[in-house]
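The values are calculated or read from the model by the stated rules, or taken from the named source; none is laboratory data. This is a predicted model, so every value here is computed, not measured. Methodologically, a virtual Cβ is constructed for each residue, glycine included, from the backbone with ideal geometry; neighbour enumeration extends over all protein chains shown. Heavy atoms of the whole protein, side chains included, go into the accessibility calculation; ligands, DNA and RNA do not. Shrake-Rupley method; radii C 1.70, N 1.55, O 1.52, S 1.80 Å.
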Amino acid sequence: MKIALLLAVYNEQEALPFLWEETQAVLRKLPQEQFEYIFVNDGSTDGTLGWLKQLAQGNPAVKVISLSRNFGKEAALTAGLAEAARADAVIILDADLQDPPSLIPAFLEKYREGYDIVYGQRQNRRQDSFLKRFTARCFYKFYNVIASRPMPENAGDCRLLNRRAIQAVLALPERERFMKGLFNWVGFRTAPVPFTRQPRRAGKTKWNYWQLWNFALEGLTASSTIPLRLWTYFGFAVSGFAFLYAVWVAVQKMVYGNPVSGYASLMVTILFFSGVQLISLGVLGEYLGRIFIEVKQRPLYFIAEKINCD
Ligand code: UDP
Ligand code: MG
């Protein structure tokens, strides 16, 4: 069997030597399988590409795809999957060893049992800060309430896909690729493998909170239209309430002759509903912007260089 290890790398020169050491140590214990590496260099600006080139020299099992600039992990993984489509299965790991290579034999075991997708499920997130854990938890809870297909919590991109699962993911044409959502959406027989996520071995994370927030928005808008439709019901509810309130005000005035109280309640109402309207417009905008990106039909990435690829 031919198994591809897929690694998206962006400025990982510090982490790569550790990654190579540790994965090789694991692969040596699995001589019955034929492995290849697919490194997707996502427009690194440090010595990553040079290091990969050196590694690939005289080592045909190391394939390198170098993108023309930084397109983001989702695009890099898509480029790698296209290359991996000839393998029997692909295993996606992070280059910083946060997904330990010891998962490889565990994934392969499930794969042999006949599962199409095997994903690593984080046991605990003790490595993450409190804020990261809290926000991640909120995201998954909210996602699973509104998404058309709920997603297992704490499953990252780290997973094995067999050939038909790879083909299925590649058949999805969207430009905005929330990979976790896509892996989950295609279905097939799926099994989790619990693991403890390690601290990053070297280098620094490529994500800040603003990027994570935008990533979350991408995931939510890509997987559900409920945020758009919510406003219809909210509108009905508010209109109904306003009608009852109007009746109440009229009765107060005409039957009891009470003066209608003014400025403060007016001000609060106007500000509240202006806010609500802007939010609903903003939600519309989120979807509209994404429709715009989709209709442009731009390629997901450009490849500047390929090494050892067929
Ligand atoms: N990555 C990438 N392109 C990017 C950002 C990240 O290919 O634009 C890769 C990165 O090199 C690493 C993986 O995606 O192999 C996960 O990134 P990181 O460790 O920074 O994310 P975190 O683990 O902090 O969520
Ligand atoms: Mg990481």
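Among the residues of the stretch 125-149, those that are in a loop (DSSP other than H, G, I, E, B) and either free of Cβ contacts under 8 Å to residues at least 24 places away in the same chain or within 16 Å of ligand 2 (Cβ to nearest atom) (or both) comprise ARG125, ARG126, GLN127, ASP128, SER129.
The condition (being within 16 Å of ligand 2 (Cβ to nearest atom) and over 22 Å from ALA304 (Cβ atoms)) is satisfied by just one residue among LEU97, LEU77: LEU97. Please tell me if ARG112 is open to solvent by 40 Å² or more (accessible area, probe 1.4 Å), free of Cβ contacts under 8 Å to residues at least 40 places away in the same chain and away from ligand 1 (no atom under 16 Å from the Cβ). It is true that ARG112 is open to solvent by 40 Å² or more (accessible area, probe 1.4 Å), free of Cβ contacts under 8 Å to residues at least 40 places away in the same chain and away from ligand 1 (no atom under 16 Å from the Cβ). When you check VAL62 against the structure, is it open to solvent by less than 50 Å² (accessible area, probe 1.4 Å), within 28 Å of GLY114 (Cβ to Cβ) and more than 16 Å from ligand 2 (Cβ to nearest atom), yes or no? Here the answer is no, as VAL62 does not meet what is asked.
Step by step: first the residues of the stretch 185-220, then only those that are away from ligand 1 (no atom under 16 Å from the Cβ) and in contact with a Lys or Arg (Cβ under 6 Å, 6 or more places away or on another chain), then the one that is least open to solvent (accessible area, probe 1.4 Å). Which residue is that? The extreme case among them is ALA191. The C-beta contact set for the stretch 91-104 (first residue closer than 16 Å to LYS180 by Cβ, second residue in a loop (DSSP other than H, G, I, E, B) and near ligand 1 (Cβ under 8 Å from one of its atoms), distance under 6 angstrom, 6+ apart or interchain) comprises GLN98/ARG200. Screening ALA168 against (1) part of a helix (DSSP H, G or I); (2) surrounded by 14 or more Cβ atoms within 10 Å (Cβ to Cβ); (3) within 16 Å of ligand 2 (Cβ to nearest atom) leaves a single unmet condition, (3). Scanning the stretch 248-267 for residues being modelled with pLDDT of 80 or more and surrounded by 10 or more Cβ atoms within 10 Å (Cβ to Cβ) gives a total of 8. For the subset of the stretch 69-97 comprising residues that are open to solvent by 30 Å² or more (accessible area, probe 1.4 Å) and part of a loop (DSSP other than H, G, I, E, B), which member is nearest to ligand 1 (Cβ to nearest atom)? Among residues in the stretch 69-97 that are open to solvent by 30 Å² or more (accessible area, probe 1.4 Å) and part of a loop (DSSP other than H, G, I, E, B), the one nearest to ligand 1 (Cβ to nearest atom) is ASN70. Has the stretch 17-35 got any residue that is of a type in the set (D, E, K, R), open to solvent by less than 50 Å² (accessible area, probe 1.4 Å) and modelled with pLDDT of 90 or more? No, there is no match, as no residue in the stretch 17-35 is of a type in the set (D, E, K, R), open to solvent by less than 50 Å² (accessible area, probe 1.4 Å) and modelled with pLDDT of 90 or more. Total residues in the stretch 103-124 satisfying the condition of being under 17 Å from GLY156 (Cα atoms), at pLDDT 90 or above and assigned to a loop (DSSP other than H, G, I, E, B): the figure is 1. Residues LEU284, LEU278: which one is among the aliphatic types (A, V, I, L, M), in a helix (DSSP H, G or I) and either farther than 30 Å from ARG175 by Cα or in contact (Cβ under 8 Å) with a residue 40 or more places away in the chain (or both)? Going through LEU284, LEU278 in turn, just one is among the aliphatic types (A, V, I, L, M), in a helix (DSSP H, G or I) and either farther than 30 Å from ARG175 by Cα or in contact (Cβ under 8 Å) with a residue 40 or more places away in the chain (or both): LEU284.
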